[in-house]
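**Q** Provided herewith is a single structure, encoded as structure tokens, for subsequent inquiry.
The values are calculated or read from the model by the stated rules, or taken from the named source; none is laboratory data. Predicted model, so just to flag it, every value in this text is computed and none were measured. In this analysis, Cβ positions are derived from the backbone assuming ideal geometry, glycine residues included, and neighbour counts consider all displayed protein chains. SASA here: full protein model, heavy atoms, side chains in, ligands and nucleic acids out. Shrake-Rupley method; radii C 1.70, N 1.55, O 1.52, S 1.80 Å.
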Amino acid sequence: REPYVVTSKGHTAAAINAAAKAGEWIKSRQGQVKELGSKTSAQDLVTEVDKGVEQMIRRLILTHYPDHAILGEEGVLPGADALTAALDEAREHDYLWIVDPIDGTTNFVHGFPFYCVSIALVVKGELTVGVIYDPTRDEMFVAEKGKGAYMHGIPTKVSAETLPGNSLIAMGFPPDRVVAQPANMAGLQQILPQVRGIRAGGSAALHLAYVAAGRVDGYWEVGLSPWDCAAGVLLVLESGGKVTDTQGDPYDISTRHVVASNGRIHDYLVTSLQAADATGFKKQ
Ligand code: 2AM
Ligand code: CA
Ligand code: CA
Ligand code: CA
């Protein structure tokens, strides 16, 4: 397999390098987590590895680009208001990195090998670089705006499936039990009987990378944050897929309720979530 850095330079190389180093560290700490903490509930976990890895990624990026801004999960207090404030501040910067040091912390803690590092770069409001690294499988997914998406030098491409009945769909359950859980349950109830199968792996970013790579045909999840999605969204778009919110409106970094697909089954997913009142948005 080709090495991570082939043709990429500058920002993309910095993102790949940071994700590779972070992933190596995370893998080395698998099964050795101590000082388990929770943020908002027993479902919302954080470890010293999440915090340490985010610091490391920050340092690596700022060494190259000291005037860039970084929005990282562990640097923002829990809750919608803190996120809105952080996004408002972040948007004022021309170069904004959006970082999830470990997407799939619950999996990491339990030793379920499905988690990743997610790093995106937004330049003047436009998603420009997206890198997702799965250290367990040593898979580095890289997308550059207008230049396509690759895994280890091989272009990634969404699936060609057109029939919901033949589709494998990913989704997920963030810990919020007030809005997200009822919506995701309602969506599951609607969609599960109509598709080939559902997978809820516990890493939004890795599920988006799997849409990009054609390993699943579509994905949705209500209740996400920008660091869960930003890199994966560019991967899906640059692999020929489509990403919107659950109402079918275009994705932007403040979108919390996400649908991603090969494009062909996109309307099916959006329509189904609307029919089940499972979009996470209040009814008009
Ligand atoms: P995390 O592991 O980085 O926290 C699981 O379906 C998805 O929900 C994961 O991508 C997980 O990311 C995310 N998630 C976990 N806690 C969350 C929270 N408090 N708010 C929103 N998303 C969260
Ligand atoms: Ca988290
Ligand atoms: Ca996450
Ligand atoms: Ca995380």
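**Q** Going by the conditions given, is Asp100 open to solvent by less than 20 Å² (accessible area, probe 1.4 Å), of a type in the set (Asp, Glu) and either under 16 Å from Leu206 (Cβ atoms) or under 19 Å from the mean Cα position of the chain (by Cα) (or both)?
**A** yes
**Q** So, one more: Output yes when any residue across the range 10-24 is of a type in the set (Ser, Thr, Tyr), farther than 24 Å from Tyr150 by Cα and open to solvent by less than 20 Å² (accessible area, probe 1.4 Å), and no when none is.
**A** Kept after step one, since they are of a type in the set (Ser, Thr, Tyr), are these residues of the range 10-24: 12.
Remaining after also requiring farther than 24 Å from Tyr150 by Cα: none.
Taking every residue of the range 10-24 in turn, none turns out to be of a type in the set (Ser, Thr, Tyr), farther than 24 Å from Tyr150 by Cα and open to solvent by less than 20 Å² (accessible area, probe 1.4 Å).
**Q** Among the strands (runs of 3 or more DSSP E) confined wholly to the range 72-173, which include 2 or more residues that are among the β-branched types (Val, Ile, Thr)?
**A** Counting at least 2 such residues, we get 95-103, 116-123, 126-134.
**Q** If I filter the range 60-83 down to residues being within 16 Å of ligand 4 (Cβ to nearest atom) and out of contact with any Pro (no Cβ under 9 Å at 6 or more places or on another chain), which single residue comes out as nearest to Asp50 (Cα to Cα)?
**A** Here is the first cut: in the range 60-83, the residues within 16 Å of ligand 4 (Cβ to nearest atom) are 70-79, 82-83.
Still in the list and also out of contact with any Pro (no Cβ under 9 Å at 6 or more places or on another chain): 70, 75-79, 82.
Working: Ile70: 15, Gly75: 11, Val76: 13, Leu77: 14, Pro78: 15, Gly79: 18, Ala82: 19 Å.
Among those that are within 16 Å of ligand 4 (Cβ to nearest atom) and out of contact with any Pro (no Cβ under 9 Å at 6 or more places or on another chain), it is Gly75.
**Q** Here's something else I'd like to know. Take the residues in the range 174-193 that are in contact with a strand residue (DSSP E or B) (Cβ under 8 Å, 6 or more places away or on another chain) and either at pLDDT below 95 or assigned to a loop (DSSP other than H, G, I, E, B) (or both); name whichever of them is surrounded by the fewest Cβ atoms within 10 Å (Cβ to Cβ).
**A** Val179
**Q** Just a yes or no: is a residue in the range 224-241 under 14 Å from the mean Cα position of the chain (by Cα), of a type in the set (A, V, I, L, M) and open to solvent by 10 Å² or more (accessible area, probe 1.4 Å)?
**A** Within the range 224-241, one or more residues are under 14 Å from the mean Cα position of the chain (by Cα), of a type in the set (A, V, I, L, M) and open to solvent by 10 Å² or more (accessible area, probe 1.4 Å).
**Q** Search the range 155-169 for residues that are touching a residue at least 24 places away in the same chain (Cβ under 8 Å) and acidic (Asp, Glu) and pair each with any residue that is surrounded by 12 or more Cβ atoms within 10 Å (Cβ to Cβ) and not in a loop (DSSP other than H, G, I, E, B) when their beta-carbon atoms are under 8 Å apart and the residues are at least 6 apart or on different chains.
**A** Filtered contacts from the range 155-169: no entries.
**Q** Now for a separate question. I'd like the residue in the range 194-208 that is among the small types (Gly, Ala, Ser) and open to solvent by 20 Å² or more (accessible area, probe 1.4 Å) and, out of all such residues, is farthest from ligand 3 (Cβ to nearest atom). Break it down into steps so the answer makes sense when it comes.
**A** Here is the first cut: in the range 194-208, the ones among the small types (Gly, Ala, Ser) are 197, 200-205.
Now restrict to residues that are open to solvent by 20 Å² or more (accessible area, probe 1.4 Å): 200, 202.
Values: Ala200: 14, Gly202: 10 Å.
Filtering the range 194-208 for residues that are among the small types (Gly, Ala, Ser) and open to solvent by 20 Å² or more (accessible area, probe 1.4 Å), the one farthest from ligand 3 (Cβ to nearest atom) comes out as Ala200.
**Q** Here is a check on your reading of the model: is Val33 within 13 Å of ligand 2 (Cβ to nearest atom) and open to solvent by less than 70 Å² (accessible area, probe 1.4 Å)?
**A** Judged against the criteria, Val33 is not a match.
**Q** List every residue pair whose Cβ atoms lie under 7 Å apart, where the two residues are 6 or more positions apart in sequence or sit on different chains, the first residue falls within the range 69-81 and is under 11 Å from Ile98 (Cβ atoms), and the second residue, located anywhere, is part of a loop (DSSP other than H, G, I, E, B).
**A** Ala69/His93; Glu73/Ser225
**Q** If you don't mind, another one. Among the residues of the range 143-154, is there at least one that is in contact with a strand residue (DSSP E or B) (Cβ under 8 Å, 6 or more places away or on another chain) and charged (D, E, K, R)?
**A** yes
**Q** If you don't mind, another one. On the basis of being of a type outside the set (S, T, N, Q) and open to solvent by 80 Å² or more (accessible area, probe 1.4 Å), does His93 make the cut?
**A** Against the criterion (of a type outside the set (S, T, N, Q) and open to solvent by 80 Å² or more (accessible area, probe 1.4 Å)), His93 does not qualify.
**Q** In the range 32-67, which residue that is assigned to a strand (DSSP E or B) and free of Cβ contacts under 8 Å to residues at least 40 places away in the same chain is nearest to Gly172 (Cα to Cα)?
**A** This residue is Ser38.
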